[in-house]
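First comes the structure, then the notes that go with it.
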Amino acid sequence: MGLYRDEGIVLRTHKLGEADRIISVLTRHHGKVRAVAKGVRKTKSRFGARLEPPTHLQLQFYEGRSDLHIIDQAETIDHFRAIRDDLDRLTRAVSMLEAADQLGLEGEPNPSLYQMLLGALRSLAGRCGPLVLPGFFLKVLALEGFRPVVDRCIECDGETDLVAFDLDTGGTRCSAHRAGVTISPGALALLNDILGGRLSQALAEPPSAATTEVEHLATRSLEHHLERRLRSVAILDRG
């Protein structure tokens, strides 16, 4: 038992008792941490609205006897005000947080996932491009060891005539081995930009049929890996 400090991003919260909340935080050095913020729902709480998604914080935790730690101090690094003040950005941010919550493990450091989430939130706050969210999904899939194959046919290794994307095998297919959903040349080019080291170029793309296609493919790919639907994505689909 003892105190420790770390920086983290608030993933989600839920009520505990009359005045407390349980806060799930993805930290830089300690993985996902679930901690109690005592009295945070009271009007005079010293934490105020700081412990709300997707705030980036410097935190001090007290490691108690149970799986739930206690938040002793919280200092804001970034409120991500541009995200909070825009419903579309906030909805996309919530999708990122939900994915990170599913992928992060309690007490298991994953600095790459942490840095990817922080970078994606900063990109989203700076510009709400259509490929910020799918870019994050595809990058974390690669981090997890499930990088989609988009530069060749996953069946025969052919590099031309790629016309479909197959969720079950995790990659593109040529016309001779077609399976899955049809993919357009524009969407294929964007996938190669995102996964081929040209993410900044892809993020600058304006909305188009191809960016919408990539968003759907990236979302379905991540959900296939997680073996569950992302609740927040349903809101985006309705929008």
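The values are calculated or read from the model by the stated rules, or taken from the named source; none is laboratory data. The shown structure was predicted, so the numbers you read here are calculated from the model rather than taken from an experiment. Virtual Cβ from ideal backbone geometry, glycine too; neighbours counted across all protein chains shown.
Within region 53-72, the set of residues being modelled with pLDDT of 90 or more and not aromatic (Phe, Trp, Tyr) comprises Pro53, Pro54, Thr55, His56, Leu57, Gln58, Leu59, Gln60, His69, Ile70, Ile71.
Scanning region 195-220 for residues that are touching a Pro at 6+ places or on another chain (Cβ under 8 Å), loosely packed, with under 15 Cβ neighbours inside 10 Å and within 28 Å of Gln102 (Cβ to Cβ) turns up Pro207, Thr212.
Every condition in (1) within 21 Å of Phe137 (Cα to Cα); (2) in contact (Cβ under 8 Å) with a residue 40 or more places away in the chain holds for Gly119 except the one numbered (2).
Of all residues assigned to region 43-52, at least one qualifies as being closer than 26 Å to Arg228 by Cα and buried (at least 16 other Cβ atoms within 10 Å of the Cβ). Picking from residues in region 172-194 that are among the hydrophobic types (A, V, I, L, M, F, W, C) and out of contact with any strand residue (DSSP E or B) (no Cβ under 9 Å at 6 or more places or on another chain), the one that is surrounded by the fewest Cβ atoms within 10 Å (Cβ to Cβ) is Ala176. Region 175-239 holds helices (runs of 4 or more DSSP H) entirely within its bounds, and those carrying 1 or more residues that are modelled with pLDDT under 90 and of a type outside the set (Lys, Arg) map to 231-238. Considering region 65-171, the qualifying helices (runs of 4 or more DSSP H), each wholly inside and each with 2 or more residues that are among the basic types (Lys, Arg) and surrounded by fewer than 21 Cβ atoms within 10 Å (Cβ to Cβ), run over 81-84.
Within region 36-55, not a single residue is aliphatic (A, V, I, L, M), free of Cβ contacts under 8 Å to residues at least 60 places away in the same chain and within 21 Å of Gln115 (Cβ to Cβ).
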